[in-house]
Amino acid sequence: MTPIMRRALLGGLLATPALAQSGWPERPVRVVVPFAQGGPMDLIARLSGEHLRGALGQPFVPDFRTGAGGNLGAQAVAQATPDGQTLLATIDTVMTVNATLYPRAGFDPVRDFTPIGLLARMASVVTVNAALPVTDLAGLVALGKQRPLTYGSAGVGVPAHLYGEYLRLITGAQLEHVPFRGLGPAVTELVAGRIDIVVALMPGVAAHAAEGRLRALAVTGGRRSPFMPEVPTLSETIAPGFDTGTWFGLYGPRGLPPEITLRLNQELARFAGSAPVRERLAQLTFEPATATPEELTQLQARDAASWARIIREAGVRVE
């Protein structure tokens, strides 16, 4: 048993009386989701909320606060009372990218939050139109050195844009960014052959790839996706050591009581370990994930440093 696990177990034993005395949660818990309904963030917030409701006896109600790349929702939680009644369910970029992209974001992702744990992971996929004459990343890079290739995203500074800039930086390929109002329209244009590349979260392209309209060349993250095991990772191909992928985490405001943090973290571990939950996550191409608050802090710091370097070197700026 690791020192972190021993501390967590001891903390859990000591925290139970404190929670019983506080009566937390004494009313429905607001879970701020900083993106619109219908996407992966909405789905994982609802699935984890259902588990937490069953375990803790109060509804965990999504509150969609969209805008400014997730900043508005994060601001709402950063300013909330740290009593466990307001939480933030967020994709990684709000806590890793936005501090660099938005100097006046209105919150500090390190000082203003209490990390609780991971909700899940999901791979992004480097995808091309099936008619493009390439079968792997090496071929894509070679083609991109012969002529310009276009890649789509949901706007400046979003993951699909940053992954495209990363590929441009490390390969020297001629990659031109084409922003759209959402990733859905970008994928539609990719399927139609009007752009060449999209780096999209797996649900957005998996069906098209399975039906032969698109071709998956690589996935992000530290290991191959169980949903596309035949597709190599970026680190296996052109970016050794690059294992930054998409993760979803749960945070509270700064000063969240340790006993509430620990109880939530324990329930997230049970959520990830539940067979019915894992089956449902697999249907949506989520991968179960767990982390202690300390491990989430380290993951956030590592990815923030990686993205900050890419943003600086690529000269990415949000107008």
Task: Which numbered condition residue 85 misses (of (1) in contact with an Asp or Glu (Cβ under 6 Å, 6 or more places away or on another chain); (2) within 24 Å of residue 26 (Cβ to Cβ)) - done: (1)
Task: Residues that are assigned to a helix (DSSP H, G or I) and either open to solvent by 20 Å² or more (accessible area, probe 1.4 Å) or more than 16 Å from residue 94 (Cα to Cα) (or both), drawn from region 20-43 - done: 20, 21, 22, 40, 43
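Sort out for me the strands (runs of 3 or more DSSP E) sitting completely within region 59-175 that have 1 or more residues that are in contact (Cβ under 8 Å) with a residue 60 or more places away in the chain and in contact with a Lys or Arg (Cβ under 8 Å, 6 or more places away or on another chain).
86-91, 113-122, 124-129
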Task: Close pairs (7 angstrom Cβ cut-off, 6 or more residues apart or separate chains): of a type in the set (S, T, N, Q) in region 267-285, assigned to a helix (DSSP H, G or I) anywhere - done: 285/202; 285/203; 285/206
- [ ] Kindly list the number of the only condition in (1) of a type outside the set (Val, Ile, Thr); (2) more than 23 Å from residue 195 (Cβ to Cβ); (3) open to solvent by 20 Å² or more (accessible area, probe 1.4 Å) that fails for residue 130.
- [x] (2)
Open item on the list: residue 249 - would you say it is among the small types (Gly, Ala, Ser), open to solvent by less than 40 Å² (accessible area, probe 1.4 Å), closer than 21 Å to residue 158 by Cα and within 19 Å of the chain's Cα centre (by Cα)?
Closed with: yes
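Give 270, 317, 213, 263 a once-over and let me know the one that is touching a Ser or Thr at 6+ places or on another chain (Cβ under 9 Å), among the charged types (D, E, K, R) and open to solvent by 20 Å² or more (accessible area, probe 1.4 Å).
Selected residue: 263, the only one of 270, 317, 213, 263 that is touching a Ser or Thr at 6+ places or on another chain (Cβ under 9 Å), among the charged types (D, E, K, R) and open to solvent by 20 Å² or more (accessible area, probe 1.4 Å).
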Open item on the list: So, in region 248-289, exactly how many residues are under 20 Å from residue 94 (Cβ atoms) and among the β-branched types (Val, Ile, Thr)?
Closed with: 1
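The values are calculated or read from the model by the stated rules, or taken from the named source; none is laboratory data. Computed from a prediction, not measured in an experiment: that's the story for all the values here. Heads up, the Cβs are rebuilt from the backbone with ideal geometry, glycines too, and the neighbour counts pull from every protein chain shown. We work out accessible area using only protein heavy atoms, side chains counted, and drop any ligands, DNA or RNA first. Shrake-Rupley method; radii C 1.70, N 1.55, O 1.52, S 1.80 Å.
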